[in-house]
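Each value in this text was obtained by applying a stated rule to the coordinates, not by laboratory testing. Since the model is a prediction, treat every value here as computed from it, not as a measurement. Ideal geometry is used to build each Cβ from the backbone, glycine not excepted, and the neighbour counts take in all protein chains shown.
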Amino acid sequence: MFAVLMCITQEHDLRLVVVAALICAIACSAAFGFHLRAQRAGPSAMRWAWIALTGLVAGSGVWATHFIAMLAYRPSLPMGYDLAGTAASLATAIIGMGAGFALPVLQPRRGVVVAGGAITGLSVGAMHFMGIAAVRAQALIGWDYPYVWAAIVLGAVGAAASFFACHRLTGRRQWTVAAGLLVLAIVALHFTAMAAVRLTPDPRLALPPELVQRGALAIATVGLAAVILTSAAALIWMERVGRRATLSGLRGALDVLSAALGFFDAQGRLVSWNRAYAVLLTQFGLTVEEGMRRQAIGDACIRAGWVTQDAEIERQSAYYHGEAAPPIQVCLPDGRWMQHEAFVTSDGGAVTVLIDITQQHEAARALAEARDAAEAANRAKSHFLANMSHEIRTPLNGVLGVADLLAVTELSGRQRELVDVIQTSGGLLNALLTDLLDLARVEAGVAELRPEATDIAALVSAVGRLFAARAEQKGLELRVEVDADAMGWAACDAIRLRQVLGNLVSNAVKFTEAGEVVLSVLRDGDRLTFQVRDTGLGFDAAAKAQLFGRFQLGDDSATRKHGGAGLGLAICQEYVRLMGGELDCVSALGQGSAFAFSLDLPALAETPAAVGPGVAPGAPGQFRVLVVDDNAVNRQVLGLILDSVGIEHAEVENGRDGVEAATAGGFDAVLMDIQMPVMDGFEATRRIRGWEKDAGRPRMPIYIVSANCLQEHVDAGIAAGADGHISKPVSVAQLVGALEPHAAAKLAA
């Protein structure tokens, strides 16, 4: 280190040393400036132009630095420079430093960046020692090699550090720090290498006449530096002129935008904006000026009531932490809606964007109104269907109830045939009403599953028995096949599953004239596969495409043989999807068809305890039922059913009378309608339960018996305290089956 300092202070003209350092600083700063422009240029011819300019400016500037420093060197000996060697050192500097600066542009990885810096430092070292080798003097030139190696290491490491800093830093520091480090590396390399030079005077050595003298070298060096720096300045000026022209065109384009744009620097000062932004700021009393603070604009927004103080604080905090501010929507005094967004730029600045979203707001409002109208229409449709179902089921209750009672009496053959017609027609009408209500629930998205422990084999067998008589009448074989692994219990919605299987079996029996219908169940792990196959008419691919559509019939011609509303398969598909499966089918004309679906129904580890068989009601007078219904026909039908099994009963016409009768005592069960004058069935049920609690009376069975049979009606009844729901039209088996356990318990007590 001491030798280096002695070399600088005693063997160099310090004035020229300062000039050399200044030239080096200018060249390094320009080189890194061009280098960063090359990085931003992207893959294009302009990138290669910037790379070439970087190598030219860096190499020439460092070469000029070296030879100005050589001019400052005063060895007190005649000296000259070999032209070829001097020119070769210049070419080495330009090519080597150009390659070093190009590497990080082409491959901006950390290792490549450091390697590019090292190549740049080594190129400076090669240029330096080639320049020293081109020196001719009346002396023998020797080297102190430790200083030589120290110079090379200082140059390579320092240049690598400068490139690494350029790669890691941002903003103005990206090139200022990098240029400073490279200047230090070059200066350290040069003067450490000069300290390694050992000149031994030898008067016998003669200087060739063709050598470049120091004066000529000085002129050439200054001229080259001037040309390089002037060229670089000219290129920068041309780039800025082009940029200004581009920005001018861009500003013109931005001014025609409806969106308001404001550009801020890293200190939060407004540097550019478009016409819409200026107009917008005038609406809350601000005249746009360059240098306005973002905080001042935010305060004006708060005073104008466009944004709340909390929202502005949140945005300012986001700016402070270098994050994009969350978008907010504001309503302007003229009724327009604007969305405000802010984005942080790489140099710490920000871009503010305000977009007119009035049309989107209006569209969203119109869409919300249309959605509300559609939902209201859907609710009205569901309400209408529920009311129509209630109004139709009420008289149908009288028809089917009386038909059931007639069916168990002694009838002639002709009379029994007529009763069968009534029961069949009424049953079809009741099924159609159920399908319509199910469709309404599915479309409204309110259909829900109610899983319960279910004996799969028993459920499937029950479905088979339900259609056995109809199949036998047509001469069909109806078989139920349950795989041994599918036996046992699983948690599923038994009602929905029974409905789907029943619909599939019903269709199979309907469309099969000869052969068989098979209902089968297979288990594969946790999945159960249900299949209904037949040897019926079958259908082609075109019919299959429409098969699961609503109101689609297999045959909708005027001469069609089979009836139906076209709802069954559509509802089955919806319920299967609700249960997590997909209903599919395979068929061919004249070869029958097979419908199947699979559900995740793991077998239950424990089998629910079986319920013991009920006991038929005993003698009259031992079990009394209160019938609460405002419809005389319904009261009559329920009374006839109860009379047929010997159950004593009493009747009232509204909920209030029902509460009075029930609380007076003497009844063992209540059959409660829902829609009644004075007091509805839900309120009456709640009051009876309240009386039981207050009086310490045992819980009396209460069953809702109503034509309102949607799930919400069932749930409302259970919530009010009812024990169950019996849908009208009421069958003898349904009503007696509900009362039978309670009658048996009363008799056993």
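Are there any GluC sites (Glu not before Pro) in region 452-539 that are in a DSSP loop and have at most 16 other Cβ atoms within 10 Å? List them by number.
Hits after loop and neighbour filter: GLU513.
If you filter region 144-181 for trypsin sites (Lys or Arg not before Pro), then keep DSSP loop positions with at most 16 other Cβ within 10 Å, what is left? Mind dumping the intermediate values first?
On the way: sites: ARG168, ARG172, ARG173; in loops: ARG172.
Here the sparse-neighbourhood loop sites are ARG172.
May I ask you to evaluate 6.51 cos²θ - 1.76 cosθ + 1.60, the Karplus curve with θ = phi - 60°, for each residue of region 103-111 and list the ³J(HN,Hα) values in order in whole Hz, giving x for glycine and proline?
So the J values, rounded to whole Hz, are 4, x, 6, 7, 9, x, 8, 4, x.
Applying the Karplus parametrisation 6.51 cos²θ - 1.76 cosθ + 1.60 with θ = phi - 60° to the phi angles of region 471-479, what ³J(HN,Hα) value in whole Hz is obtained for each residue in order, glycine and proline being reported as x?
Result, rounded to whole Hz: 5, 5, 4, 8, x, 9, 9, 10, 10.
Find the relative contact order for region 624-748 and round it to a whole percent, using C-alpha pairs within less than 8 Å whose residues are 6+ positions apart.
22
Pairs of Cα atoms under 8 Å, at least six residues apart: use those to get the relative contact order of region 468-536, whole percent. Walk me through the intermediate numbers first.
Details: 95 pairs, mean separation 26.4, N = 69.
It rounds to 38 percent for region 468-536.
Going by amide H atoms built from the backbone, whose H comes under 5 Å of the H on ARG527, apart from near neighbours?
Sorted by chain and number, the residues that satisfy this are LEU601.
Kindly identify region 624-748 as rounded, prolate or oblate by the Cα gyration tensor criterion: order the square roots of the eigenvalues as a ≥ b ≥ c, call it rounded if a/c is under 1.5, otherwise compare a/b with b/c, prolate if a/b is larger, else oblate. Present the calculation step by step, with values, prior to reporting the outcome.
On the way: a/c = 1.31, a/b = 1.05, b/c = 1.24.
Rounded is the answer for region 624-748, as its axis ratio a/c remains below 1.5.
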